[in-house]
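The values are calculated or read from the model by the stated rules, or taken from the named source; none is laboratory data. From a predicted model like this one, the values you see are computed outputs, not experimental measurements. Reconstructed Cβ throughout: ideal geometry from the backbone, glycine too, with neighbour counts over all protein chains shown. Just the protein is used for accessible areas: all its heavy atoms, side chains included, with ligands, DNA and RNA removed. Shrake-Rupley method; radii C 1.70, N 1.55, O 1.52, S 1.80 Å.
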Amino acid sequence: VKGLLNLFQSGNVDDDELRMLTPKVQENLDKTLELVDNLLIWSKNQMQGFKVKPSQFKICQLVNDNITYFETQIAAKKQMVYNQILPEDLLFADREMINIIVRNLLSNAIKFTHDAGSITIYARQIESLMTVSIEDSGVGVNLDNLDKIFAFVNYSTPGTQNEKGSGVGLKLCKDLIELNNGIIWYEGKPSGGSIFHFRLSYVPVLDATAESSMASV
């Protein structure tokens, strides 16, 4: 943005060139903001610790909000995104943290799914646990890189349209899930594509031991 404004102010680009360059600058800005958001959230956790504030909320609406958030990217790649979570399905966790997790996982699914591909979000309840899954028809994860995807290492691969990633999002997801007494894991599809699952409690945790484990790091 700074470079483009300097060029415009110095008269080295005209209005037509500015309009032509703006979409690329916007794309780079979006990715930079995503990286900064994730780094700020992760660094706050490391320096101060998060105070988990669990509540009961409808996961279906949270997923719908994130699909709307990414509607421009989804439309640009002509993808179909299906939310199959039931409107009455509830999670008991820190809503803002789960929102960050869903946003990162959906962003990755969009990034690594080809044009006209599909993404499906669904949930299944087993006793007092709810597993939320984000499945895509994308490129999948190389088996050699499985040990890196949830680690805070310099690992990032470009998307199907060479979209840039930060390599921070999945590590952040893992940290936030574990703060909410949950687990997250990856499953490859034989036909290609990825499924990221995370599992959390869907009813309030009432015993003192469980409540104490929800305290900040």
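Going through (1) farther than 22 Å from SER201 by Cα; (2) at pLDDT below 80; (3) exposed (fewer than 15 other Cβ atoms within 10 Å of the Cβ) one by one, ARG19 falls short only on (2). I'd like to check something: does segment 153-162 contain any residue that is modelled with pLDDT of 90 or more, open to solvent by less than 40 Å² (accessible area, probe 1.4 Å) and farther than 19 Å from ILE41 by Cβ? Taking every residue of segment 153-162 in turn, none turns out to be modelled with pLDDT of 90 or more, open to solvent by less than 40 Å² (accessible area, probe 1.4 Å) and farther than 19 Å from ILE41 by Cβ.
Taken over segment 94-116, the criterion of being open to solvent by less than 10 Å² (accessible area, probe 1.4 Å) and in contact with a Ser or Thr (Cβ under 7 Å, 6 or more places away or on another chain) is satisfied by THR113 alone. Residues in segment 70-90 that are open to solvent by less than 60 Å² (accessible area, probe 1.4 Å) and among the hydrophobic types (A, V, I, L, M, F, W, C): PHE70, ILE74, VAL81, ILE85, LEU90. Here segment 103-117 is the region considered, the condition is being not in a helix (DSSP H, G or I) and not charged (D, E, K, R), and the residue that is farthest from LYS77 (Cα to Cα) is PHE112. LYS148 satisfies every condition listed in (1) closer than 24 Å to LYS171 by Cα; (2) open to solvent by less than 10 Å² (accessible area, probe 1.4 Å) except (2).
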